[in-house]
1. Please get the size of the charge dipole for the chain, origin at its Cα centre, with Cβ charges of +1 on Lys and Arg and -1 on Asp and Glu, quoted in debye to the nearest 20.
2. Counting every Cα pair in the chain, what percent are over 34 Å apart?
3. Please work out, to two decimal places, the log10 of the ratio I(q)/I(0) at q = 0.11, 0.17, 0.22, 0.23 Å⁻¹ from a Debye calculation in which every Cα of segment 74-186 carries one identical scatterer.
4. Are there GluC sites (Glu not before Pro) in segment 87-181 that DSSP marks as loop and that have at most 10 other Cβ atoms within 10 Å, and which are they?
5. Given segment 1-115, what percent of its DSSP beta bridges are antiparallel, to the nearest 5?
6. Taking Rh as the Kirkwood radius, which is the inverse of the mean 1/r over Cα pairs, what is the Rg/Rh value for segment 155-244?
7. Non-local amide H neighbours of Ser79 (under 5 Å, H modeled in plane, Pro and chain starts lacking H): which ones?
8. Exposed loop sites here are chymotrypsin sites (Phe, Trp or Tyr not before Pro) in DSSP loop states with at most 11 other C-beta atoms within 10 Å. What is the longest stretch of the chain lacking them?
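Only the coordinates and a few stated rules stand behind these numbers; no lab work does. Computed from a predicted structure; not experimentally measured. Reconstructed Cβ throughout: ideal geometry from the backbone, glycine too, with neighbour counts over all protein chains shown.
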Amino acid sequence: MAWKDGKQWVYSITYDEGCQALLEHSLPIHRRYGVPGHVCVVSREVGRPRCTPGSSYEGMMILSRDELHALAAEGWGLSCHSMTHAAINDENAQYEVVEAKGALEEATGLPVSVFCVPGNNDGYPAALKVAAAGGYEAIMTIYDDINRPDVDLMRLCRVPLHTEYPGPFFSAYDRFKRLHQAMEEGGWVIDYCHSPRPERPVHPWKDCTTEQLDRRFGTVCELGGDDVWLAEPNEVVAYLLSVR
Ligand SMILES: [Zn+2]
């Protein structure tokens, strides 16, 4: 299957939490390469400092409603990253997943149709149980794989784009990660990180640097040329729903 406009594969990137620092550090790189971004935002944190104790991003300012609208005008997307970033379970799923959607729509004035599981994949099963009835069209996880054209939209995989990965291997950054696989299989790569900054990541297992982000986009454009569709996840989900 060809993707939209005959493209052969797809590249997206998502930033969990939606830190305001993206405006300074990542947005210029997006503009240079023509890659639209996407932020996964905790509903209660819009326009406020991050308040999830223990998070590497604690205290960092989160994008405001106006900033999110400005990004949306440049083609950026938004998804819901739960109400409070708590681990999702059967007891809190209605609040953290379903009520969080309306809360984020109200806080931002933007439509929300994708849920992004906070923390790790442990909360995925509980989120899955309530998401469709709650009005979501897709769920993003951190299962690390490409998404084939027949992907289950309620289990989208993302590729961590980090400086280093946890032990025992401590795998190092690779600007080509999964790109040749996506090219060969006609797949969709959704990169995942948080808030790249110059020289040193906020946390090596959660982020890359701006230099690594720049090399990643350069590699996507160099390998993909006219064959790659640079799109934010809401656009790709809408496209897949339109052709199914
Ligand atoms: Zn998160």
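1. Rounded to the nearest 20 debye, it is 140 debye.
2. 8
3. Log-scaled intensity ratios, in q order: -0.42, -0.89, -1.18, -1.22.
4. Listed in order of number, the matching sites are Glu91.
5. Restricted to segment 1-115, the bridges split so that about 20 percent are antiparallel.
6. Here the Rg-to-Rh quotient is 1.00.
7. Excluding prolines and chain starts, which carry no amide H, the hits are Val39, Cys40, Val41.
8. Here the longest segment lacking exposed loop sites spans 1-168.
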